[in-house]
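All remarks here apply to the structure that follows.
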Amino acid sequence: MSKRLTVNETLGGECYTAGPGHEQAPMGLPFLHYHPKPEAAAGEERGDGMSKRLTVKERLLRGVSEKEWQASIVAAIRKVYGHRALVFHVYNSKESDEGFWDLTVILPPAKPGGRNRMFLWECKTETGTVSEAQSSWLSAAHEAVLIEARVMRPSDVDHLMRVLGVGG
C-alpha cells in the first residue's frame, strides 16, 4: 500500500509518493521508498543515547544499505550532471589499500568560469562506523594542500624524485 509522505516527513525537499511499485522520489533516489518497519522499530535507540520513537525520516534513512546509498549518490550525480561528471568506485577492493574511500567524484564548475570540484566520499549507513584506516585516508586527503593531476611515465622519474624529496 502506498503512503503519501509530505516534505516534513521525509527529506525536506519535495513531496513524493513512496511505496512498492512507485519509482518517484526526490532526485530519483530509490531508497526513499516507504517500507514500514515492524513495531519494534518505534522504540529503537536514536544514536544520541536516548530511546525515543523514531521519526518517519529516521526509519527511512536507517533502512538504507551502504550499497543502496552509494548507488543513489551516483544516480543523483548522473541525473544532475549526466556524463559531465566523473565518478570512480573501486568495485573489488581486495587488492587495494585498506580504508580507501568509496567514491571519487569530479563535478563541473558550480558557476561559469569556475573550476571543477573534486569530492572523496566514504559511504556509510546511517549507523555505520568509519574504520581507523578509512579515517586516516579521509583525514590525510582533507589536509592535502596540493592536488597534482598528470600522466606519469617512466621518463618522469626525475619529477617523481623531486615530489618524494629524494635526490637532487
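For the reader, a short list of remarks on this structure follows.
- Residue identified as at pLDDT 95 or above and either part of a loop (DSSP other than H, G, I, E, B) or surrounded by fewer than 13 Cβ atoms within 10 Å (Cβ to Cβ) (or both) among Ala110, Ala140, Ala149: Ala140
- Residue in region 67-80 that is in a helix (DSSP H, G or I), touching a Cys at 6+ places or on another chain (Cβ under 7 Å) and not aliphatic (A, V, I, L, M) present: yes
- Selection status of His22, touching a His at 6+ places or on another chain (Cβ under 8 Å) and modelled with pLDDT under 60: yes
- Considered as a group, the residues in region 118-137 that are among the hydrophobic types (A, V, I, L, M, F, W, C) and assigned to a loop (DSSP other than H, G, I, E, B) include one that is surrounded by the most Cβ atoms within 10 Å (Cβ to Cβ), and that residue is Cys123.
- Within region 64-96, considering residues that are in contact (Cβ under 8 Å) with a residue 12 or more places away in the chain and farther than 26 Å from Arg115 by Cα, the one surrounded by the fewest Cβ atoms within 10 Å (Cβ to Cβ): Ser65
The values are calculated or read from the model by the stated rules, or taken from the named source; none is laboratory data. Every value quoted in this text rests on a predicted model; they were computed, and no experiment measured them. Here the Cβ is made from the backbone with ideal geometry for all residues, glycine too, and neighbour counts use every protein chain on show.
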